[in-house]
Amino acid sequence: MSHRKLMASLALTAVAAGALYSCKPKGAQAAVSGDAAEKAYVAPGKYDEFYNIVSGGFNGQLGIYGIPSGRLFRVVPVFSQSTESGYGFSEETKPMLNTSHGFVPWDDLHHLAISETNGEHDGRWVFVNGNNTPRIARIDLSTFRTAEIIEIPNSAGNHSSPFITENSEYVVAGTRFSVPLDDQNGDVPINTYKQNFRGTVSFIHPDPTTGNMSIAFQIKTPGVNFDLARAGKGKSHGWMFFSCYNTEKANTLLEVNASAKDKDFIMAVNWKKAEEYLKAGKGKKEAVKYAHNVYNESTHTATSTMMNEVTTLDPKECPDMLYFIPCPKSPHGCDTDPTGEYIVGSGKLAALIPVFSFTKIQQAIANKTYDGDYDGIPVIKYDAALYGEVQKPGLGPLHTEFDGKGNAYTSMFVSSEIVKWNIKDLKVLDRVPTYYSIGHLSIPGGPTAKPYGKYVIAYNKITKDRYLPTGPELTQSAQLYDISGDKMKLILDFPTNGEPHYAEAIPASMLMSKQRKIYKIEENMHPFVAKGEGQTKVVRNGNRVDVYMTAIRSHLTPDNIEGVKIGDEVFFHVTNLEQDWDVPHGFAVKGANNAEILIMPGETQTLAFKPDRVGIFPFYCTDFCSALHQEMQGYLRVSPA
Ligand code: CUK
Ligand code: CUA
């Protein structure tokens, strides 16, 4: 073992030990603010100040919480089927989960990005990533429903995603795993990684009016692993900064082999330059397959289209588009401050935080202050790009957010704390323990050009003793700190759903007025709608039986259905005739091997059912909708074939 490797593995052992045994941070009895109750208390009938939109991690969904109360308002199904709403089970929403691999009803959702105008939240959409089967989804913030999902070809493990540019020009995604790209024959020995595996970063363009996404272009990159990224803003608008690890290009035992080098990279992408290359015809059209799924609000139906081409740029033919900046010890987070001048790298194994200067990066490029190249891409000298280092911030820096007052807040996984430091002089100002081992953190507006400040929320990886125990699996733990003063003050613990990674918070006032209350029945273009009870019917076509059904307090029409035989497939198309806010109806039938459906006012949703036996099958409304909700029921008679 070389000296360097030995040192690396020693450092790892130390870090691993820290990670495992750091459960009680120093000063664990840390202060809960004396006025915590008052600060976190939202009186009955009162609203929270912020919506906190929180990734659900491996539950593939998004959680909507109130801040400062920590109350959970909604779980928005995105990549995972929801038995509660029928998302991914109803005929209308199944196509949302289609991919080039077929139906994939689960994913691992880590990050989100709220749409922006002029570098500030505009509250229209939130974009989220699916890591596992690379996808980006768009959630409409007027309905809190998934409106669109696009698969990302030439990608594997869509972790470094999604990150949004100042005017939502692009939602950007980098691949975690380098792999043989989709237009290659992927059947290669794994130990030919160095020759055959490559990465990509994708620039997805949401239409400014509809939000509908298309893949504008992809840049092929060396075979590193992209971890996180941020868009430039202000003076650095037009650039993206990605953290990369495994610049060693190891294909096995990454724990040691991908930490051999002292420094990995931040990759700087000049995307304005990429746009010039595209205009100049440097883009190459490549045949690849990926699904694009869109939910249509007037037909209340999703369609899935298999796309077959993307445009790629090869950096070899596009000089001055990509640069590497050395960054110590397995960078994870990569965050740009509100001015866009400072780029904060966070080496998971580093004992300092490097802060790079956009101005210095530009100078280094102009003067070609390079330290050779990496696969033909210039590597800027560390010192030439560096603004300075935050010394002794703690152990295991992961992610940084900003308060808009010149301060940065970095999560420290290993030492389990949030560290506040000043961007200009790089001095540590304050630190508070987190319980335990914080991953991401979120300040309202923290990633934008104009943070709202006021709070920082910690999303912790380990819960241990913070809540009533619930067997081997404990709830995830989030913590709310008041940052309005010089010192951070803990004011609330609250449990979360799934495993939260990133989250954003947005002022409630920005979303409240935008909320949709109903779908207008007269605008319902669903092919199987019944716009009144007079339009209900049962139609047979071979073995297919379509039931045009309506729901209104407190009956389903029709409620006695006969003439169905074994071998038939029955489609219950249920239209909710209500035109009042907050009156959904549900629908379920005995023995159906899918879920219920939950139908919003004015909407139509379809439950498919294949009876397996002769007899009477009751069906009923599942959502308590009126005093006579329990009477909202009916019978399906199934006869022999
Ligand atoms: S990652 Cu989870 S703690 Cu997937 Cu953003 Cu850093
Ligand atoms: Cu409709 Cu209960």
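Nothing in this text is a laboratory measurement; each read-out follows from the coordinates by a stated rule. Every value quoted in this text rests on a predicted model; they were computed, and no experiment measured them. Ideal geometry is used to build each Cβ from the backbone, glycine not excepted, and the neighbour counts take in all protein chains shown.
Considering Cα pairs under 8 angstrom that are at least six residues apart, work out the relative contact order of the chain and quote it in whole percent.
Rounded, it is 12 percent for the chain.
Between Rg and the Kirkwood Rh of the range 162-278, both from Cα atoms, what is the Rg to Rh ratio?
Using only Cα positions, Rg/Rh for the range 162-278 is 1.02.
Please sort by residue number the trypsin sites (Lys or Arg not before Pro) in the range 64-169 whose DSSP state is loop and whose Cβ has at most 15 other Cβ atoms within 10 Å.
Values: sites: Arg71, Arg74, Arg124, Arg135, Arg138, Arg145; in loops: Arg71.
Here the trypsin sites (Lys or Arg not before Pro) that fit, given the DSSP loop and packing criteria, are Arg71.
As an exercise, take the mean of 1/r over every pair of distinct alpha carbons in the range 147-191, invert it, and state the Kirkwood radius in angstroms. Don't jump to the answer; show the numbers that get you there.
Working: mean 1/r = 0.0811 Å⁻¹.
Its Kirkwood hydrodynamic radius stands at 12.3 Å.
How many nm separate the modelled label positions at Asn593 and Arg516, each set 7 Å beyond the Cα in the direction of the Cβ?
Result: 3.3 nm between the two label points.
Semi-axes, largest first, in whole Å: what does sqrt of 5 times each Cα gyration tensor eigenvalue give for the range 330-464?
Three semi-axes, in Å: 27, 17, 12.
Using the alpha-carbon centroid of each, what span in Å lies between the range 80-158 and the range 473-518?
21 Å
Given the options Asn308, Ile365, His555, identify the residue whose Cα lies farthest towards the positive end of the charge dipole of the chain (+1 on Cβ of Lys, Arg; -1 on Cβ of Asp, Glu).
Positive-most Cα among the choices belongs to Ile365.
I'd like the projected area of the range 539-607, averaged over all directions, using the convex hull of its alpha carbons. Report it in nm² with one decimal.
Dividing the Cα hull surface by four gives the mean projection, 4.8 nm².
Which trypsin sites (Lys or Arg not before Pro) from the range 526-627 combine a DSSP loop assignment with at most 10 other Cβ atoms within 10 Å?
Here the trypsin sites (Lys or Arg not before Pro) that fit, given the DSSP loop and packing criteria, are Arg613.
In the range 485-607, if every C-alpha pair distance is counted and binned at 10 Å from zero, what percent goes to each bin?
Calculated over all Cα pairs of the range 485-607, the distribution is 11, 31, 24, 16, 11, 5, 2, 0 percent.
Over all alpha-carbon pairs of the range 201-254, lay out the pair-distance distribution in 5 Å bins, whole %, shortest bin first.
5, 14, 18, 20, 19, 11, 7, 4, 2, 0
If each residue's Cβ is checked for other Cβ atoms within 10 Å, how do Trp581, Trp421, Trp106 rank with the fewest at the top?
The fewest-first ordering by Cβ neighbours comes to Trp581, Trp106, Trp421.
Select from Ala595, Thr536, Gly567 the residue farthest towards the positive end of the dipole of the range 521-639; place +1 on Cβ of Lys and Arg, -1 on Cβ of Asp and Glu, and compute about the Cα centre.
Result: Gly567.
Compute the Rg to Rh ratio over the range 265-420 from the alpha carbon atoms, using the Kirkwood formula for Rh, and round to two decimal places. Write down the numbers at each step before the final one.
Working: Rg = 19.8 Å, Rh = 18.2 Å.
Value, to two decimals: 1.09.
Hey, what did the range 521-639 get for relative contact order, percent, Cα under 8 Å, at least 6 apart?
Once normalised by length, the contact order is 28 percent.
If you average 1/r over all unlike Cα pairs in the range 412-468 and invert the result, what Kirkwood radius do you get in angstrom? Could you put the intermediate results ahead of the total?
Details: mean 1/r = 0.0798 Å⁻¹.
Here the Kirkwood hydrodynamic radius works out to 12.5 Å.
Mind checking the dipole of the range 3-512: about its Cα centre, +1 per Lys or Arg Cβ, -1 per Asp or Glu Cβ, Debye to the nearest 20?
1160 debye
Given Cα positions, please report Rg to Rh for the range 62-155, the hydrodynamic radius being the Kirkwood one.
0.98
What Rg and what Dmax come out for the range 559-641 when only alpha-carbon atoms are used, in angstroms?
Both quantities, over Cα of the range 559-641: 13.3, 43 Å.
Hey, got the Cα dimensions of the chain along the principal axes, in Å, largest first?
79, 62, 46
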